[in-house]
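Chemist: First, the structure itself, so that you have it in front of you.
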Amino acid sequence: MSPSHCNAAQLEDFRNAYQRDGVVHVPGLLGVRPADDSLCANRRRDHGRTPAAVRVRPHFLRRRGADSAGLPWHHDIASFPRKGQQIPSLWIAMNDIDTDMSPLHCIRGSHRNPTQFRPPVYIEPGAALPAGYGDMPDVESKLASGEYERLSWDIRSGDALLIHPYTLHGAPPNRSDKARVAFTTRWAGDDVTWTPDAFSMKVPGLDLSRVPIGQRPDGPLFPYFRRGSGARSEALEAGTHADGSGPRVTA
């Protein structure tokens, strides 16, 4: 794949689309490079602000072929033990994904609804709803009536979707004999606090009790990608922490 080249206008279009729709399709992200240092600064903006710290956690997603069920409608915020607006998921396709391979669909503008909806899996259907939660709306009915609008894309290997934590999304069953493979990172900006509740997804192998409740996530479980300024930022730009250790990434 040939690297893409983004100018300032294209980057502004991406940012505007994310704010308007709650999701933006970035073709060929793995090859995208900004033209100059000022564009790097623009790419760091989130909701028009430069986060004091940006943290990232990666994992792979693989949807098997043929027998794979689809992905129920949901939004990520309901299962996150951290809460805030600046927790986008950067989903990157590792292979070409056609309409038979369980492509992601998103609901345009659904990120503007501040309600957290009951997660569709791993939670007992009759479990009491914590404060601030509601039951998932009937997305298919609202699509049929025109109240909701579905967004979908032709996805090539290396394309990315930047998805707002409140954006409703899902995927149909995989009707092909090929697996859909994607790499996802979760990002955290300066408005994010660690606020787990009964619906928060557990992370196998990690002791999340070490994270102080009500504070911004920090420490080795949440490695910095970039900080706003200062010596620590320069150390991270060079690929190390300020104490000289290398950046740590956990799955």
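The values are calculated or read from the model by the stated rules, or taken from the named source; none is laboratory data. Predicted, not measured: the structure shown is a model, and the values here were computed from it. All Cβ positions, even for glycine, are placed from backbone atoms using ideal geometry, and neighbour counts span all protein chains on display.
Chemist: For residues that are without any contact (Cβ under 8 Å) to a residue 24 or more places away in the chain and part of a loop (DSSP other than H, G, I, E, B), scanning just the range 174-210, find the one that is nearest to TRP91 (Cα to Cα).
Modeler: So the first thing to find is which residues in the range 174-210 are without any contact (Cβ under 8 Å) to a residue 24 or more places away in the chain, and the list is 202-205, 207, 209-210.
Checking which are part of a loop (DSSP other than H, G, I, E, B) leaves us with 202-205, 207.
Values: LYS202: 20, VAL203: 19, PRO204: 21, GLY205: 23, ASP207: 25 Å.
Among those that are without any contact (Cβ under 8 Å) to a residue 24 or more places away in the chain and part of a loop (DSSP other than H, G, I, E, B), it is VAL203.
Listed here are the residues, each with its yes/no results for (1) closer than 29 Å to LEU208 by Cα; (2) touching a Ser or Thr at 6+ places or on another chain (Cβ under 9 Å); (3) in a loop (DSSP other than H, G, I, E, B).
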{"residue": "ILE92", "(1), (2), (3)": "yes, yes, no"}
{"residue": "PRO114", "(1), (2), (3)": "yes, no, yes"}
{"residue": "ALA128", "(1), (2), (3)": "yes, no, yes"}
{"residue": "GLU147", "(1), (2), (3)": "no, yes, yes"}
{"residue": "SER157", "(1), (2), (3)": "no, no, yes"}
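Chemist: Select from the range 92-114 the residues that are modelled with pLDDT under 95 and more than 18 Å from ALA160 (Cβ to Cβ) and list them in ascending order.
Modeler: Scanning the range 92-114 gives THR99, ASP100, PRO114.
Chemist: Residue by residue through the range 152-184, note down the ones that are within 15 Å of the chain's Cα centre (by Cα), of a type outside the set (Val, Ile, Thr) and surrounded by fewer than 20 Cβ atoms within 10 Å (Cβ to Cβ).
Modeler: Selection gives GLY170, PHE183.
Chemist: Could I ask something else about it? Applying the selection to the range 211-226, what residues are hydrophobic (A, V, I, L, M, F, W, C) and either part of a helix (DSSP H, G or I) or surrounded by fewer than 12 Cβ atoms within 10 Å (Cβ to Cβ) (or both)?
Modeler: First, the residues of the range 211-226 that are hydrophobic (A, V, I, L, M, F, W, C): 211, 213, 221-222, 225.
Scanning the range 211-226 gives a single hit, ILE213.
Chemist: A follow-up question, please. Kindly provide the set of residues from the range 11-28 that are farther than 17 Å from HIS75 by Cα and among the β-branched types (Val, Ile, Thr), ordered by number.
Modeler: Result: VAL26, single match.
Chemist: Which of the residues that make up the range 143-190 are among the acidic types (Asp, Glu) and modelled with pLDDT under 90? So that I can check it myself, show each step before the final result.
Modeler: The first filter runs over the range 143-190 and keeps only residues among the acidic types (Asp, Glu), leaving 147, 149, 154, 159, 177, 190.
Selection gives ASP154, ASP177, ASP190.
Chemist: While we're on this one: When the residues of the range 7-27 are filtered to those that are out of contact with any Leu (no Cβ under 7 Å at 6 or more places or on another chain) and not in a helix (DSSP H, G or I), which remaining residue is surrounded by the fewest Cβ atoms within 10 Å (Cβ to Cβ)?
Modeler: In the first step, residues of the range 7-27 are kept if they are out of contact with any Leu (no Cβ under 7 Å at 6 or more places or on another chain); the result is 7, 9-10, 12-17, 19-20, 22, 27.
Filter once more, so that each one left must be not in a helix (DSSP H, G or I): 7, 22, 27.
Numbers: ASN7: 12, GLY22: 26, PRO27: 15.
So, considering only residues that are out of contact with any Leu (no Cβ under 7 Å at 6 or more places or on another chain) and not in a helix (DSSP H, G or I), the one surrounded by the fewest Cβ atoms within 10 Å (Cβ to Cβ) is ASN7.
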